[in-house]
Structures are given as C-alpha cells and as structure tokens.
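Laboratory data are not the source of any read-out in this text; all were calculated from the coordinates shown. This one's a predicted model, so the numbers in the text were calculated from it and none came from an experiment. Because the Cβ atoms are built from the backbone with ideal geometry, glycine has one as well, and the counts that use them run over all protein chains shown.
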Amino acid sequence: MGEVFRARDAVLDREVAIKVLHAALAGDAGFIDRFRREARSAAGLGHPNIVSVHDWGSVDGVYFMVMEFVRGQSLREVLNAEGLLAPAQAAEVLLPVLSALDHAHRQGIVHRDIKPENIMLTRDGVVKVADFGLARAYADAQITQAGMVTGTVQYLAPEQLQGEPADPRTDLYSLGIVTYEMLTGRIPFTGETPVAIAVKHLRERVPPPSGRNPAVPRGLDGWVSSMTEIERELRPESAAEARRDLHSEMADLPPARPIAELVPDVQVIPAPPGLERATTVTIPRSRDGTTTRRRKGRWALGILFALVAIGAAAWGSWTYLIPHAIDVPHVVGLTTSEAQTRLEDAGLTVKLADGDYSTKVDEGVVLRVEPAEGVSVKTGSRVTLVLSLGPPPVPVPNLLGMPIDRVHAALQAAKLKLGDVTKSFSNSFAIDQVIHQSVRSNAQAPQGSRIDVVISKGPSPLPVPKVIGLTEEQATTLLTTAGFLVDRQEEFSTVVQRGDVISQDPVKNTDLQPGQTVTITVSLGPPEFPMPNVVGMGRDAAVAKLSALGLKVDVAIVTGQTGSTVVYQKPATGTVVHPGDLVHIYIA
C-alpha cells in the first residue's frame with residue numbers, strides 16, 4: 001500500500017510516522033475521496049490502543065497520512081523472534097486489541113485487515129492497532145478497480161472472500177486467526193496458492209491450537225473456535241462480548257513473562273556517512289523571535305542524542321558483539337509451561353517441535369530437548385522442545401453385541417483395558433451384551449487407555465395389564481401379546497364363575513420386563529365332592545365328619561328307637577354334593 005517513514009513534526013516538535021501511499025493510487029479519484037473520508041473518521045478514534053492519525057495531505061500528487069510514531073515492534077516481528085507466545089502473553093495482547101476494535105466498531109469503523117503487521121507492541125507493554133481507515137479505503141479501491149477482494153488472504157474472513165460486506169464480526173475472525181498464530185507459531189491454513197488458502201477458509205474449521213501446542217488450555221481452544229466460526233452469525237456479537245469471554249478464561253492461564261519483556265529497546269542508529277538523504281518537504285511559516293531560542297535548544301538536544309547514541313553503542317557492543325554462553329538447563333520431565341519459563345529465564349528462545357509418542361511419559365511433558373541438556377549455547381539461542389504425545393494410538397475393536405465375559409480378552413488383544421461397566425435396558429440386545437462403548441469401533445485411542453462399556457439389562461420394563469375377571473383365554477392373549485410368559489394355576493371359588501381369572505401375580509401396573517412370567521389363578525367354580533358313607537357310624541362321629549366337609553347336617557331319630565348309630569343317610573353315598581348342602585342322617 002505504501003512506505004512508512006519516521007519524521008519530526010517541526011510545529012509541535014514531536015516524532016511522527018508518515019505513511020506515503022503508492023503513486024499508482026493517486027490516479028484513482030474514487031480512492032482519494034474514500035481516503036479523505038476514512039482518514040477523517042480514523043482521526044476521530046481517540047483510544048489509547050489505536051495508533052492516532054494526526055493529519056493527511058498530498059505533495060505533488062503523492063498522498064500521505066501523518067500518524068503517531070510508536071516506539072516498539074509489530075507483533076509480526078515479535079513472533080519472528082519468539083516463534084510463539086505463551087497463552088497468558090497472547091491474552092495480554094488480545095485484551096487491548098479487542099478494546100480498540102470495540103471502540104472503532106462503535107464509531108461505525110471496521111478495520112478489515114487485522115494481522116500481526118498491524119498490531120504494534122511497545123517496550124512499556126502498550127498494544128496499539130494501526131491502519132484504521134486506510135485499509136478500507138485501499139480495499140474499496142481495489143474492488144472497484146479489479147473486481148477482486150484484496151488483503152492478506154491468510155487472515156481474511158469467509159465473507160470477505162465471498163465479496164460480502166464486512167461488519168465487526170469480520171475483524172473478530174481475523175483476530176481469531178492471529179490468536180491461533182500467536183499460540184502455535186503458524187497460521188492454521190496454508191496452500192500453494194492464495195486461492196487454495198481461501199478455499200480452506202470457506203470450507204474448513206480452524207483446528208484447536210492445543211493440537212500443535214499442548215500448553216493451550218481447552219477453554220482458550222473454545223474461544224478461538226468461536227471467533228473463527230465460518231458463519232459470522234455464530235461468532236461473538238461484538239468485540240466487547242469476545243473480550244468478556246476471554247476474561248473468563250484468563251484465570252486458568254499459567255503465568256508467563258510480561259509481553260513488554262519480549263520487545264527489545266528501539267535504538268536510533270545514525271545514518272552512515274555519505275548516505276544520500278531523502279528530500280524533506282517543509283511547510284513555510286513566518287519567522288518570529290522564537291527561532292533563535294529553538295536553534296539553541298536543538299543544539300542541546302543534538303548533544304543529548306549524541307550521548308544517548310554513544311551509550312547505546314556501548315550497550316549494543318556488550319550485548320551483541322561479546323559472546324555470552326549458557327548451559328541448556330534441565331527441562332526434560334517438566335510440563336510445557338514450566339519448561340518454557342525455565343528456558344526463557346535463562347535467556348533462551350523456545351520452539352515447540354512436533355511431539356513423539358511415548359508409553360512412559362505423560363502427554364504434554366517434555367520428552368527431550370535439542371540441543372541436549374548441559375550443552376553450552378549462546379544467550380538468545382533457540383532451544384527446541386519435543387513434547388510427549390502420550391501413548392501411541394491403537395484401533396478400538398467393535399464390542400457391540402459382544403457378551404461381557406468376552407470383552408476383556410478383546411480389549412487386551414487390542415492393547416487396551418476395560419473401564420467402567422454400567423447397565424441399561426435395551427430392546428435390541430440380550431442381557432449382558434454390550435450396547436455402547438465409550439470410543440466407537442475403528443476409532444483410535446491411546447495404547448493402554450480404558451474403554452468404558454454399557455451392557456444390556458434386557459428389554460425395558462412394561463406395566464403388567466389387569467387380567468382379573470377376564471376369561472382364561474382373554475387373559476393369556478393379553479399377557480403374551482405384551483411379551484410376558486403365563487403360568488396357570490387353578491382354585492375353587494364360590495364367587496368367580498368357572499374359567500374366569502380369580503387373581504394375578506404380580507398385580508396390575510407392576511413394571512416387569514418382557515420375557516418374565518405372570519401367574520394367573522383360574523376359577524374352578526364352587527368345590528364339589530361325592531357324598532361320603534356315614535351309615536354304621538356313631539351319631540357324633542358322623543356329624544363331625546360331614547360338618548368338616550362344609551355340609552349342613554340334619555339328625556333324625558327313628559321313632560321308637562333309643563340307639564345312637566346312623567342307620568340311613570340322604571343323599572346316598574357317592575352322590576355329588578357341595579359345601580353348604582343339607583344332608584340327613586337317621587339314628588336308631
């Protein structure tokens with residue numbers, strides 16, 4: 001888009017940065033109009049985390065913008081030097097950036113080109129966002145001229161790639177990509193051409209940063225995922241909401257060095273002798289009596305700068321010309337954050353390499369270090385940590401439908417272990433067969449890990465229907481249709497007619513699994529039996545025997561007789577009688 005120069009504002013006596021736009025843009029009248037409007041809008045963004053725009057103008061058809069001069073480095077330069085940032089350091093950068101975006105969005109300004117090059121860091125730990133307004137004017141000019149989307153494709157939101165209007169959530173997507181790069185040291189999508197990268201932005205979800213940097217907490221993974229949703233409606237509604245969500249995750253972030261310590265002091269290097277200087281454009285102004293005093297002040301200021309330059313040269317010689325060596329400290333067996341802290345405290349730069357599998361070292365713990373521990377290296381050298389990925393993955397066998405007594409052997413053969421076993425009802429699997437496994441078959445699980453299973457308790461229980469009062473046939477049909485087995489018993493009843501159900505066990509509405517048994521008792525009607533023979537028995541013995549059978553006894557004494565023996569009975573022996581019937585005996 002242009003070149004940036006450091007300059008001094010002779011009127012206000014301050015350092016400024018001047019962005020000079022490419023001469024090719026000056027021929028676009030539409031761009032100049034948009035540039036003017038956007039520069040005025042950006043100049044109104046008074047926020048401590050936004051690079052201030054002081055003025056704009058043109059000289060001989062070359063347009064420029066005068067901005068605040070930031071003593072520090074861009075986030076890109078810091079990442080180039082450090083490789084990646086600790087989660088707490090990334091959050092320290094993100095919070096002020098989100099505050100700046102929230103302020104700009106409330107003023108109706110969308111940045112459209114958030115990337116590490118446009119995020120500035122100072123030695124004091126201040127974070128500032130640059131190029132507000134200028135990005136939009138340039139992007140609109142390119143769309144008008146070429147009918148294409150312009151910008152850094154690695155950070156563009158899907159809606160930008162599809163030519164849709166940008167809104168505040170567009171900036172949030174780009175910041176999510178920047179966050180991924182801060183946490184992992186690389187961008188999520190790469191390709192041989194910009195088009196290949198754009199297609200990935202449109203079709204693929206951004207992977208969790210912890211996949212490349214195990215030190216990233218799961219909560220921060222989720223925050224990056226929400227910021228980089230393909231559909232903008234699923235992202236946070238505003239930068240303020242995203243900032244609140246990030247705040248809630250910060251309590252779980254391990255402490256790290258302040259971001260300010262990663263920004264080196266900016267040294268002013270004098271120009272070599274004989275170097276041709278660029279032409280300085282001076283705005284004429286009237287001379288007054290203060291000119292002489294200003295010249296004296298400039299002499300004093302020049303002497304001061306010379307002393308600072310000498311001191312800086314001495315410091316630079318000590319730091320960069322005289323070699324300093326240090327032994328690589330012991331970090332094997334430490335967690336990622338502990339190892340990073342120890343190496344950074346020793347003045348070394350940390351790089352995370354692709355991890356290796358190990359059955360002895362837990363996931364996320366340092367497996368080895370390159371150069372090896374104890375090797376003498378220069379201060380500032382890069383030390384590579386190789387982290388353990390945990391045990392190697394193995395395929396999980398299919399356990400569904402397998403009896404539980406065979407599951408242990410199947411898992412052992414796959415170098416896995418049986419985890420928790422729980423039971424649940426199932427209408428599809430027999431009792432003690434596996435109906436669910438915690439890791440699906442053909443998926444992979446760490447070697448030696450436990451696979452939980454759920455086994456069947458049989459079909460789900462059903463309420464037993466009421467069959468009392470139904471005929472035996474009706475009751476049997478109703479119960480068997482519901483899936484129950486039927487056990488039949490018989491009993492005499494003077495109340496329930498023959499063939500009807502007197503009782504059931506269990507009673508109605510009791511939950512019972514299909515396949516279990518319901519017992520029904522069927523009435524035989526009133527009880528009946530043949531009349532016994534009591535002729536020849538004594539009176540008292542005959543009465544006792546008949547009464548015990550439930551019969552009513554009428555005793556008659558034969559006229560003129562004084563004996564006590566039964567000489568006749570009615571009904572006769574063998575006649576069918578029922579309890580409660582009246583029988584007659586005659587005594588003589």
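For residue 520, the shell of other residues with beta-carbons less than 9 Å away shows a net charge of -2, using +1 for Lys and Arg and -1 for Asp and Glu.
Annotation: the residues 155, 173, sorted from fewest to most other C-beta atoms within 10 Å of their own C-beta, follow the order 155, 173.
Here residue 71 and residue 382 are evaluated by their C-beta separation; at R0 = 25 Å the FRET efficiency comes out at 0.45.
Less than 5 angstrom separates the built amide H of residue 584 from those of 554, 570, all sequence-distant by 5 or more or on a different chain. Could you sort out which of 417/457; 19/128; 545/570; 360/415; 128/200 sit more than 19 Å apart by Cα distance in this structure? Correct reply: 417/457; 128/200.
Put simply, the amide H of residue 382, placed in the peptide plane, has neighbours under 5 Å in 349, leaving out anything fewer than 5 places away on its chain. The stretch between residue 54 and residue 9, if pulled fully straight at 0.36 nm per residue, gains 15.2 nm over its current Cα-Cα span.
Take every DSSP beta bridge whose two residues both sit in the range 325-388; close to 55 percent of them are antiparallel. Residue-wise HN-Hα couplings along the range 78-93, as the Karplus relation 6.51 cos²θ - 1.76 cosθ + 1.60 with θ = phi - 60° gives them from phi, are 5, 5, 4, 7, 9, x, 7, 10, 5, x, 5, 5, 4, 5, 5, 7 Hz; Gly and Pro carry x.
Note that the range 452-457 has calculated 3J(HN,Hα) couplings of 7, 10, 10, 10, 7, 9 Hz, one per residue in order, obtained from phi through the Karplus relation 6.51 cos²θ - 1.76 cosθ + 1.60 (θ = phi - 60°); glycine and proline are x.
Note on the range 497-588: with charges restricted to the Cβ of Lys and Arg (+1) and Asp and Glu (-1), its dipole about the Cα centre is near 280 debye.
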